[in-house]
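In what follows, a structure is listed as structure tokens, so that the remarks can point back to it.
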Amino acid sequence: MAGLTDKTEMRAYQPAQPTTESAAASPAGQQLAGLLTHEDLDRAQDRWRVARARWGGRRSAPLRSLSLIWLLVGPGVLVFLGENDAPSMLSYSAIGTRYGIGFFLPFVVLTFVMGFVVQEMTVRLGAVTHRGHAELIFDRFGKFWGLFSMADLMLGNFLTLVTEFIGVRAGLSFFGVRPGVAVGGALLLVLGAIATGRYWTWERITLGLAIFNGLFIPAALLAHPNWQAVGRAFLTWSPLPQGNRPEIALLLLSVVGATVTPWMLFFQQSAVVDKGMQPRDITAGQLDTLLGTVLAAVFAVATVLATAPLFRHGINAADFQGAEFAQALQPWIGHVGAMLFALGILEAGLVAAIAISTSSAYAFGEVFGTAHSLNRPLREAWPFYLILVGSACVAAGLVLVPHAPLEFIVLTVNVIAVLAMPPALAFLLLLVNDRDLMGEHANSFWQNFAGITVTVLLVCAGLGFGIATVFPGILGG
């Protein structure tokens with residue numbers, strides 16, 4: 001497909017759209033209808049729109065480019081704004097509350113650079129191979145590693161889903177909504193997003209929700225940050241703060257886990273496939289991923305700035321569970337600012353619950369060879385939808401257990417994500433360097449350098465956390 005011209009690509013997708021009764025009634029049409037699935041037809045329709053946008057007709061080049069970007073944007077923005085989830089935003093809140101802006105602002109941005117390095121590789125893998133990450137591991141490394149990667153992912157995803165519903169419950173608690181109502185409403189939204197039976201519609205609904213991650217920006221502005229101090233933090237990069245070394249190690253690892261996690265690999269590659277992206281769309285996919293990286297980094301920094309007043313006034317974050325950060329902030333950023341902060345936590349949990357449960361369903365379908373597309377109706381892909389809805393329902397139920405240590409759960413889930421990331425990255429690097437799979441789109445020297453550097457940093461972070469936890473005296477804790 002990479003070598004097709006624009007008009008050839010349009011012709012290639014035209015036969016996949018029988019529109020008249022006579023065409024469907026012909027022997028060829030009946031044979032085609034027997035071979036094509038609902039998924040094939042929906043995806044061909046999406047590709048037909050992309051081809052028309054490329055060819056453009058009478059539209060000017062800028063309009064064609066904007067139309068093409070609009071059609072191809074999605075997986076990259078969604079994966080990063082989805083990863084700005086409830087545990088991530090609460091981790092950033094804990095940073096702002098406990099340590100202010102000094103060391104951690106540039107560190108947060110660095111983790112998003114690491115995230116882009118990783119996620120860009122999934123774009124190329126999905127567009128070139130047209131297969132999801134779990135499926136490729138199963139095919140290239142065998143049944144054991146395929147099942148291992150799927151089980152590892154689904155366990156991590158389930159634990160993370162629990163924290164997403166914690167965020168939903170906590171965000172709505174600011175408005176006096178009872179936990180059962182909050183969690184039940186979130187489940188209805190998850191069901192509503194998948195009920196369309198169409199990847200394109202699901203993606204646009206979820207993106208529409210994800211853009212409300214930007215609510216942390218006005219909350220930060222209402223905190224009246226010291227912009228000179230913010231500038232110094234980025235230009236000079238203060239040393240690590242003094243204090244409890246194991247706690248700082250936990251926060252550092254939690255911040256990394258707020259940006260670079262296994263579910264992101266599996267989700268974005270599968271979403272690229274479900275979207276029907278081709279090798280010629282790789283550049284657009286990279287831009288989509290870069291846009292998601294920048295937006296998510298800005299919103300994460302805004303969260304740190306919004307909660308920094310608690311640090312300045314010596315308020316201990318351990319006194320607050322989950323979204324009670326919003327209540328704690330109200331005296332310093334006002335009722336409107338606190339309301340925006342609570343709504344941001346709510347959005348973070350909702351979007352991630354949709355994306356992460358979908359990631360688990362993709363991996364299950366890829367490994368077991370069942371239908372695994374949001375373009376498939378329920379009757380054709382019921383195991384896919386069962387995993388998606390079932391994991392969300394069980395996680396939501398656990399959130400309603402009383403007296404759970406919410407902040408500890410949130411931070412620990414991000415730590416687990418970091419510890420599980422090196423094996424996932426090893427598989428990713430092996431796959432993206434396989435020239436039988438990738439051809440000219442395999443990793444270059446510098447792409448390998450960046451990917452291996454990220455992997456080494458994650459391994460070192462995990463070892464550092466282990467040392468700080470088991471031998472706190474070594475680090476002066």
The relative contact order of region 83-475, taking Cα pairs under 8 Å that sit 6 or more residues apart, comes to a percentage of 37 percent
One computes Rg over Rh for region 164-322 from alpha-carbon atoms, with the Kirkwood Rh, and obtains 1.00
So for R0 = 30 Å, FRET eff. of residue 152-residue 335 from the Cβ-Cβ r, to 0.05, ends up at 0.10
So the FRET efficiency between residue 188 and residue 224, C-beta based with R0 = 35 Å and rounded to 0.05, is 0.40
Simple SL model, points at 7 angstrom along Cα→Cβ for residue 452 and residue 440; separation in nm is 2.6 nm
Once both label points are put 7 Å beyond Cα along the C-beta direction, the residue 110-residue 426 separation in nm becomes 2.5 nm
Sorted on mean Cβ neighbours within 10 Å (highest first), peptides 395-401, 83-89 come out as 83-89, 395-401
Here, residue 433 and residue 211, labelled 7 Å along Cα→Cβ, have an inter-label distance in nm of 4.1 nm
Computed from the beta carbon distance with a Förster radius of 25 Å, FRET efficiency for residue 380 and residue 55 to the nearest 0.05 stands at 0.20
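Each reported figure results from applying straightforward, stated rules to the coordinates on display, with no laboratory input. Everything numeric here is computed off the predicted structure, so don't read it as measured data. Methodologically, a virtual Cβ is constructed for each residue, glycine included, from the backbone with ideal geometry; neighbour enumeration extends over all protein chains shown.
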